[in-house]
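Beneath this line is the structure, given in structure tokens, with notes to follow.
Read-outs throughout are calculated quantities, based only on the coordinates presented, and are distinct from any laboratory measurement. What you see is a predicted model, and the numbers here were worked out from it, not measured in a lab. Cβ coordinates were reconstructed from backbone atoms using ideal geometry, including for glycine residues, and neighbour counts include every protein chain displayed.
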Amino acid sequence: MGVSSWQGDLVWLGAIESEQDAAIVARWSRDSEYWRLRDSAPARPITAAQAKRDWEADGGRAAGAVFLAIRTLVEDRLIGTALLDGIGWPHGFGWLGIGIGEREFWGKGYGTDAVQVILRYAFTELNLWRVSLSVLATNARAIRAYEKCGFVLEGRVRGLAHIDGERIDEVFMGILREEWEQIRHAAQ
Amino acid sequence: MSIANQLFEGELIRLAPPDPERDADTESAWTHDPDYMRLISVDPIRPLSAAQVKKNYEAIEKDNDKQFYFAIRAMADDRLIGFAKLDGISWTHGSARLTMAIGSTADRGKGYGREALQMILRYAFGELNLYRIGAWTFEYNERGLRFLQKAGFQVEVRQRQSIHRDGRRWDGIWLGLLRSEWESK
């Protein structure tokens, strides 16, 4: 346990610092492509004050749910956010969400690293049985990253998203604790 | 179909607003049936008093612009036999989630549910103008799965081992019905 369990190879996950971080998240919100990949809510630019209010409104999450800042180990720079919520306690399931707002960090393994940190938290701290996620079928980069982390395709919800006049499927994926443990043992 | 067609009245049942004063006792009785409760929700089941049920109706009333909740009543004697609701609505994407149930075992297998399903689908596609309806259920709800599939719903997602009940794991199953599929039926 020497190293913080919040630390990965490229990033570490920590609390949102609402004063400093809100302005950065507000800047990301101008990037509609980022927003549309991250969330199905209609894209809209938000101010730093609105970002802060959204975080505060999210205070009532279920026990164990976390909303975290993703920061680089090298420069300690905020590059994205990650979320674990929708937890069903008696059953041991949870939902993962992640977004990398800084485009220069896309496709370089930062998101994958952050997902691995979150999975470690989900399986070794919360002791969940499985973690689920959903992603637009067109987001090949994210799907590749999730597969790399061990997520398995569990189905497609047909035409769930309507973006720029096109109907797009939502891909659902999941990973069981035993699958995650096998990957971890194989890596050691 | 003409605009004069009745959306809320069928041959066997009607879709009605919930009526807390009349319905709370009936619904409270349903919540004491674990088999029923385990079919409609993943939350830990618990019996609810009539007063607690009334509070839930108040919450539904407050949420009226976000969900469409109907009591299912028998045309014959107007008693409460179940509910059907559309929630999780995304107007942007034209999607919603359907949950429905017939409360008492004595009222199942009599066509009430089938008619209620057709009526709420007509409401979803013809009044709310949605593009797709999703439904979520569990591997052990074989009857519910057959019921939805017979109406044209397709299994879209199988979430492995999502549910832990009675000492074993069951898959969570997501189904979906597109407007085009409903129209061609």
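Descriptive notes on the structure:
- Couplings 3J(HN,Hα) for the range A:38-50, derived from phi with the Karplus relation 6.51 cos²θ - 1.76 cosθ + 1.60 (θ = phi - 60°), are 8, 8, 8, 5, x, 5, 7, x, 10, 8, 4, 5, 5 Hz, where x marks Gly and Pro.
- Counting only GluC sites (Glu not before Pro) that DSSP places in a loop and that have at most 12 other Cβ atoms within 10 Å, the longest clean stretch of chain A runs over A:76-188.
- Inter-chain Cβ neighbour average for residues B:154-167, partner chain, 10 Å: 5
- The mean number of partner chain beta-carbon atoms within 10 angstrom of a residue's beta-carbon across peptide A:151-161 is 6.
- Ordering of B:78-86, A:23-31 by packing [mean C-beta count within 10 Å, highest first]: B:78-86, A:23-31
- Peptide B:123-134 - average C-beta neighbours from other chains (10 Å radius): 1
- Taken one residue at a time, the phi angles of the range B:63-69 give Karplus couplings (6.51, -1.76, 1.60, θ = phi - 60°) of 8, 4, 7, 9, 9, 10, 10 Hz. Gly and Pro are set to x.
- Amide hydrogen proximity for B:Met75: with H placed 1.01 Å from N in the peptide plane, the residues at 5 or more positions away or on another chain lying under 5 Å are B:Ile13, B:Arg14.
- Sequence-distant residues sharing a close amide H with A:Gly80 (under 5 Å, placed H): A:Ile70, A:Gly101
- Near A:Pro90, once Lys and Arg are set to +1 and Asp and Glu to -1 for all other residues with Cβ below 10 Å from its Cβ, the sum equals 0.
- Gaussian network model of chain A, springs between alpha carbon atoms under 10 Å - residue of A:Leu78, A:Leu136, A:Leu160 with greatest fluctuation: A:Leu160
- Amide H contacts for B:Val157 (H built 1.01 Å from N in the peptide plane; partners 5 or more residues away or on another chain; cut-off under 5 Å): B:Trp174.
- Within straight-line cross-link reach of B:Lys55, lysines at Cα separation under 26 Å, skipping those fewer than 8 residues along the same chain: B:Lys66, B:Lys85
- The GluC sites (Glu not before Pro) of the range B:1-77 that DSSP puts in a loop, and whose beta carbon has at most 13 other beta carbons within 10 Å, are B:Glu11.
- Estimated [θ] at 222 nm from DSSP helical runs (n ≥ 4, -39500 (n - 2.57)) normalised by residues in chain A, nearest 500: -9000 deg cm²/dmol
- Looking at the range B:100-146, the trypsin sites (Lys or Arg not before Pro) that sit in a DSSP loop and have at most 14 other Cβ atoms within 10 Å of their own Cβ are B:Lys110.
- Here is the list for the range A:81-121: trypsin sites (Lys or Arg not before Pro) lying in DSSP coil, each with at most 13 other C-beta atoms within 10 angstrom of its C-beta, are A:Lys108.
- Estimated [θ] at 222 nm from DSSP helical runs (n ≥ 4, -39500 (n - 2.57)) normalised by residues in chain B, nearest 500: -9000 deg cm²/dmol
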